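**Student:** The structure under discussion is supplied below as structure tokens; questions concerning it will follow.
The values are calculated or read from the model by the stated rules, or taken from the named source; none is laboratory data. In this text the structure is predicted, and so the values were computed from the model without any measurement. Please note that ligands, DNA and RNA were not included when accessible areas were found on the heavy atoms of the full protein model with its side chains. Shrake-Rupley method; radii C 1.70, N 1.55, O 1.52, S 1.80 Å.
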Amino acid sequence: MDPLTMVFYGVVCGLLGAFAPNLPSLVIRLIIGAGVGVASAFVLPILRGAFFY
């Protein structure tokens, strides 16, 4: 795994972890976590193309 990917997902997971305890239930945390994971998987290639190629 390259450093950009590790940093990007580290930031995404850190932000999600910071806000997740404020969510009311496990099901909502799972749904939001899955949504954030899918969204970040789509955003990373766009950011990589915009800034590094």
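**Student:** Can you work out ³J(HN,Hα) from phi for every residue in the stretch 19-32, in order, using Karplus 6.51 cos²θ - 1.76 cosθ + 1.60 and θ = phi - 60°, giving whole Hz and x for Gly and Pro?
**Tutor:** With coefficients 6.51, -1.76 and 1.60, one gets 9, 4, x, 7, 7, x, 9, 4, 4, 5, 4, 5, 5, 5 Hz.
**Student:** Given a 1.4 Å probe, how much area per residue of the chain is accessible, in Å²?
**Tutor:** Details: 4010 Å² over 53 residues.
For the chain, the solvent-accessible area averages 76 Å² per residue.
**Student:** Return the Rg/Rh value of the chain, two decimal places, where both radii are evaluated on C-alpha atoms and Rh is the Kirkwood radius.
**Tutor:** Computed over Cα atoms, the ratio is 1.06.
**Student:** Out of the total accessible area of the chain (probe 1.4 Å, heavy atoms of protein only), what percent is carbon and sulfur? Spell out each step's value before the answer.
**Tutor:** Details: 3240 of 4010 Å².
Carbon and sulfur together cover 81 percent of it.
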